[in-house]
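Engineer: Below is one structure. I have some questions about it.
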Amino acid sequence: MKKRMINHTLFRHCGLDPQSPKQEALSLMLGRWRMCLRHDGIKKVSCLLLLLFSLNGFAQQMDSEYEGNPDKKKNATYFSNGLQSKYREDTEGAIRNFEQALRFMPDDAASMFELSEQYSNAGRIEEAFNMIQKAVKLEPENKWYQIRLGLFYRNLDQYDKFIKLYEDLTKKYPEDPDMLSELIDAYLVTEKYDKAVEKMDLLEQQIGANEFITEQRLNVYKRQGNNKKVIAELEKLIEQYPENVRYYGMLAQVFAETGKDKEALKTYERMKEINPNDPYIHISLLEFYEKGGEMDKAFNELLAVIRNKSLDLTTKANIYDYWMQKNNQSKQINEQVRQCGDAFIETHPDNKLGYLVLGSYYMVNENAQKSKELHQKALAIDSTDFRSWQNLIISESRLNENEAVRDHAVAALKYYPMQPVFYWYAGVANSVLENNDDAITYLEKGRRYTSDKLQMANFDAFLGDIYHQQGEEEKAFDAYDRTLRNDPDNVLVLNNYAYYLAVKGQDLDKALEMSTKAIAAEPDNPTYLDTHAWVLYMKGDYKEAEKHMKKALKLLKEPDATYTKHYEAILNKLGKN
């Protein structure tokens, strides 16, 4: 009888009936395998060898068991070989052997069960499904066969069949909580909520009060919109787990959503009493006050979130961004940025975020000196931060610290060699410092790294002005042409280019077209009127030139020698001087 005292769970993976000779021999072999795995001194590789030897012994035992019945003997041999292939993870070999086992014994449900698994492993799902159906038909009382069939029903979304199967299984095996759990999940998927709750109650009777079951029941009530039962379930969870503030937060949220603001606030206060350092209490209160329109109180909770040392900085930054994006039109937003920046620096003095936030605040509020200092501190913490470099350089530019702008733009290019903004500042600063050769080098490089038309137009316009200063007119005009291809309405370039052509007496029709466009855009700009008058003068249209020159002189706030010289030249041509 000792041979028959086996642990049936060893057969769950293959669905064998422990009463047959084949399974009886296999049970001894699996027993050795299990003992081997428990032995700390033997490695798993050795255990696998022992399993394979045991399978050979199993086949030899079958020789004596089935002597006189050659088909059963061959079936047993192929079944044994199939198990060996299975445990070697040789799927194709296992399939060949189990198929052969069935050839000699077509009603062998155990081989069908194993073959179903191997077909699944090989992706032959339809064949696997058909095979397990045959096994169940042959041995309808074998629960392991039924469990595998249920797996197919579920994976193929045949939930009606799955539910019918598991309703039968839970009746046959009422003490098995796993089967009851499977049935509950199926009821939930198919939205049979009342039945799901009924089985949850039954499961809870079997295994006792369980947090997971209560949460499942809670989710059902939420889906049903039954707020009364949701509240009751949450209060039950709080009674069972009084230290878990998450449930208080969930309860407070339900109270808030159902218009019970007083109850919600009381619940949040209870949360604070239990764990005053929990940052999520402040997050919850932030949402609560925000929904109620109490924005000052909501902002105070935001500051409490930032100052809470228990919460990670990434979460704080995300909440800060959320607040700023949602409230960016608020009149208080500017001051709120300052307070948040101070709070970040106070709580996280070794992180760049607070210095960036506060530095941006001062830059927006035109305190370039403060902005510069704060962004320098941010870079001292993280020298690779793009935003810090950019804002530092902008602040120094506003302070007319051109040498610092140049040096920091060049330094930033070490980290960001393909960012056109730093080439721009390096080029402009060098130009202001009268280092035109260096300015041209940086601007020519920077224009190659931009695909934005307007940005490229800015590079080319500045290059045109520098080349003109250098007396390199051909390069200057080429740069202006590139500018106007990308930005045809750039009035400054239209005016300057037209004037330079007029002075040289070159391409006067083109110059007239550009100056006409410039004064159409800004008809009361005396500089553009002067240019237009001079282009007309160079083309010999002295009357029109006089008309525009008079208007330019009237608009001038102070006398200008160039304007006067142009006007006298026009009058001379008209014989009025």
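Rule-based calculations on the coordinates, nothing more; no lab input. Since the model is a prediction, treat every value here as computed from it, not as a measurement. Note that each Cβ is placed from the backbone with ideal geometry, even for glycine, and that neighbours are counted across all protein chains shown.
Engineer: Select from GLY249, THR450, THR562 the residue farthest towards the positive end of the dipole of the chain; place +1 on Cβ of Lys and Arg, -1 on Cβ of Asp and Glu, and compute about the Cα centre.
Structural biologist: In the chain, that residue is GLY249.
Engineer: Could I ask something else about it? Are any of the pairs LYS195/LYS222; LYS445/LYS475; LYS475/LYS517 more than 18 Å apart by Cα-Cα distance, and if so, which? Please report the intermediate quantities before stating the final value.
Structural biologist: Details: LYS195/LYS222 16 Å; LYS445/LYS475 16 Å; LYS475/LYS517 23 Å.
Going by Cα-Cα distance, LYS475/LYS517 fall outside the 18 Å limit.
Engineer: Another one. In region 300-399, what is the count of Lys pairs whose alpha carbons are under 23 Å apart, counting only pairs at least 8 residues apart or on separate chains?
Structural biologist: So the count of such lysine pairs works out to 10.
Engineer: Further, regarding this structure: How many nm separate the modelled label positions at ARG223 and ASP160, each set 7 Å beyond the Cα in the direction of the Cβ?
Structural biologist: Between ARG223 and ASP160, the simple spin-label model gives 1.9 nm.
Engineer: Same structure, new question: Going from the alpha-carbon gyration tensor of the chain, what semi-axes, largest first and in whole Å, does one get by taking the root of 5 times each eigenvalue? Don't skip to the answer; put the middle values down first.
Structural biologist: Values: eigenvalues 1400, 269, 119 Å².
Ellipsoid half-lengths, sorted descending, are 84, 37, 24 Å.
Engineer: Still on this structure, please answer the following. Do the sum for the chain: with -39,500 (n - 2.57) for every DSSP H run of n ≥ 4, divided by all residues, what is the mean residue ellipticity at 222 nm, to the nearest 500 deg cm²/dmol? Walk me through the intermediate numbers first.
Structural biologist: Details: 31 runs with 444 residues, N = 577.
Calculated at 222 nm, the ellipticity per residue is -25000 deg cm²/dmol.
Engineer: Of SER431, SER181, how do they rank once you tally other Cβ atoms within 10 Å and put the fewest first?
Structural biologist: Numbers: SER431 22, SER181 19.
With the fewest neighbours first, SER431, SER181 line up as SER181, SER431.
Engineer: Continuing with this model, one more query. Under a point-charge model restricted to the Cβ atoms of Lys and Arg (+1) and Asp and Glu (-1), what is the dipole moment magnitude of the chain relative to its Cα centre, in debye to the nearest 20?
Structural biologist: 1080
Engineer: Between LYS171 and LYS331, what is the FRET efficiency for a Förster distance of 60 Å, r being their Cβ-Cβ separation, to the nearest 0.05? Numbers along the way, then the final one.
Structural biologist: On the way: r = 68 Å, r/R0 = 1.13.
So, using R0 = 60 Å, E works out to roughly 0.30.
Engineer: Something else about it: For region 365-422, just say rounded, prolate or oblate: build the C-alpha gyration tensor, square-root its eigenvalues into a ≥ b ≥ c, call rounded for a/c under 1.5, and beyond that prolate if a/b exceeds b/c, oblate if not.
Structural biologist: Oblate, because a/c is 1.5 or more while a/b does not exceed b/c.
Engineer: For region 429-481, which GluC sites (Glu not before Pro) are in a loop by DSSP, counting at most 10 other Cβ atoms within 10 Å? Before the final figure, lay out the partial values.
Structural biologist: Values: sites: GLU434, GLU444, GLU472, GLU473, GLU474; in loops: GLU434, GLU472.
In loop regions of region 429-481 (DSSP not H, G, I, E or B), the sparsely surrounded GluC sites (Glu not before Pro) are GLU434.
Engineer: To continue, here is another question. Computed over the Cα atoms, what is the radius of gyration of region 408-488 divided by 2.2 N^0.38 Å, N being its residue count?
Structural biologist: Values: Rg = 12.0 Å, N = 81, 2.2 N^0.38 = 11.7 Å.
Relative to the rule-of-thumb radius for its length, region 408-488 sits at 1.03.
Engineer: So how do ILE519, ILE333, ILE213, ILE306 line up by other beta-carbon neighbours within 10 Å, fewest first?
Structural biologist: Working: ILE519 21, ILE333 13, ILE213 18, ILE306 27.
Result, fewest neighbours first: ILE333, ILE213, ILE519, ILE306.
Engineer: Peptides 455-462, 316-323, 409-416: what's the order by average Cβ count within 10 Å, highest mean first? Could the numbers behind the result be given before it?
Structural biologist: Working: 455-462: 21.9, 316-323: 16.5, 409-416: 18.0.
The densest-packed peptide leads the list: 455-462, 409-416, 316-323.
Engineer: Follow-up. For a test of the definition: using alpha carbon positions, the gyration tensor, and the 1.5 limit on a/c, classify region 508-577 as rounded, prolate or oblate.
Structural biologist: Details: a/c = 2.08, a/b = 1.10, b/c = 1.89.
Note, shape of region 508-577 comes out oblate.
Engineer: How about LYS72: which lysines have a C-alpha closer than 26 Å to its C-alpha, ignoring those fewer than 8 places off in the same chain?
Structural biologist: The reachable lysines, counting only those whose Cα sits under 26 Å from LYS72, are LYS2, LYS3, LYS22, LYS86, LYS134, LYS137, LYS143.
Engineer: If you plug each phi of region 410-424 into the Karplus form 6.51 cos²θ - 1.76 cosθ + 1.60 with θ = phi - 60°, what whole-Hz ³J(HN,Hα) values come out, in order, with x for Gly and Pro?
Structural biologist: Karplus values, whole Hz, x for Gly and Pro: 5, 5, 5, 5, 5, 8, 10, x, 10, 9, x, 4, 6, 5, 4.
Engineer: Starting with the fewest neighbours, write out MET105, MET250, MET131 ranked by other beta-carbon atoms found within 10 Å of each beta-carbon.
Structural biologist: Numbers: MET105 19, MET250 22, MET131 25.
Least crowded to most crowded, the residues run MET105, MET250, MET131.
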